[in-house]
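Please treat every number below as a calculation from the coordinates, not as lab data. In this text the structure is predicted, and so the values were computed from the model without any measurement. No Cβ is skipped: glycine too gets one built from the backbone with ideal geometry, and neighbour counts run over all protein chains shown.
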Amino acid sequence: MGCWVPLTLLTHFNELTRFKREDGILLSLGAILTDSQSATKAQRVVFFDLDGTLHQQDMFGSFLRFMLWHMPQNLLLVIPLLPVIAFALIVQGRATRWPISLLLWAITFGHRESRLNALERQFVQVFKRDVVPFPVVMGRLKQYLSSQTAEVWLITGSPQRLVEQVYADEPFIHQVRMIGSRMVRRRGGWVLTLRCLGPEKVVQLEKELGKPLKLYSGYSDSQQDNPLLSFCEHRFRVSPTGELQQLE
C-alpha cells in the first residue's frame, strides 16, 4: 500500500501532462488556422487613382494655378523657366519629377512658409467646395472597403497632404492605404521629393508589397497608369464622365 499512492499520483500526473501537451498542440493548430483565415481576409489588393478617377478635377494642377493666381509676381520667375520645363517633359516624359518640381518651386519661391500654408488651407476649402466626385467609381471603392476582404490602395500623383486635407471629412480616406507625391520646402520654395506618377507608382507599391506585384483590380482614367494596371487581374478605365469600362 505504501507504494500504491505515489504510483497512482504519478500516473495521474503523466495523464495530466499528456493532456496539456495535446492541448498545446491543439492550440497551436488553432492559431495556425486563425492566422490562415486572417490572411485570406485581405487577399485581394486593389488600387485606385484619384484625379479623373474618384473625382473629375486634377487636384495638383488646380493647386499650382491657385497658388500662381494669388502670387502673380512669381510669373517673373515662372515664364523664363517654362521652355526648360516643357522641353524636359517632352524629352524625359510627362511623369518626370524634376521639371514639375522646378515649376512648383518657381511658383512658391520667395514667400514665407506661413503665407504658403495659409494659401494651401484656402485652396483646400475651395477645392472641397468645387470638386466633382464620380459616384460610380466612389461606390466601387466603398464596396471594396465594406467587403473586408480587400486591401485598398489610393495611389495618386497629387501631393498626399493635399488629398488628406481635402478628404479629411470622408470616412474612406481613413480606411485606404495611400501613396502620393510629397512636397517639402527647399531653397526658398516648395519642391517635390517624390512624384508618384507613371512607373513610379509601381516602384512605390513594390516597396510596400514586394515583388512581383499581384493585384486583383485597378481603376484609372490615365494611360500613364498602364504600368501598374498591367499587374492587375481586372483593369478598369474611367471615362471623362466617370463611367467604367473594363479593359482586356
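Of all residues in the stretch 129-169, those satisfying the criterion of being out of contact with any strand residue (DSSP E or B) (no Cβ under 8 Å at 6 or more places or on another chain), exposed (fewer than 14 other Cβ atoms within 10 Å of the Cβ) and not in a helix (DSSP H, G or I) are GLN148, ALA168, ASP169.
Looking only at the stretch 74-86, decide whether some residue is assigned to a helix (DSSP H, G or I) and within 30 Å of TYR219 (Cα to Cα). Yes: the stretch 74-86 contains one or more residues that are assigned to a helix (DSSP H, G or I) and within 30 Å of TYR219 (Cα to Cα). Put simply, of ARG182, ARG186, ARG195 the only residue that is surrounded by fewer than 14 Cβ atoms within 10 Å (Cβ to Cβ), within 29 Å of ASN74 (Cβ to Cβ) and touching a residue at least 12 places away in the same chain (Cβ under 8 Å) is ARG186. All conditions in (1) of a type in the set (Lys, Arg); (2) over 18 Å from the mean Cα position of the chain (by Cα); (3) part of a helix (DSSP H, G or I) hold for ARG185, with the sole exception of (3).
Would you mind finding the one in LEU119, LEU50, LEU54, LEU89 that is more than 30 Å from VAL152 (Cβ to Cβ) and in contact (Cβ under 8 Å) with a residue 12 or more places away in the chain?
LEU119
Within the stretch 198-208, restricting attention to residues that are farther than 11 Å from THR156 by Cα and in contact (Cβ under 8 Å) with a residue 60 or more places away in the chain, the residue that is surrounded by the fewest Cβ atoms within 10 Å (Cβ to Cβ) is PRO199.
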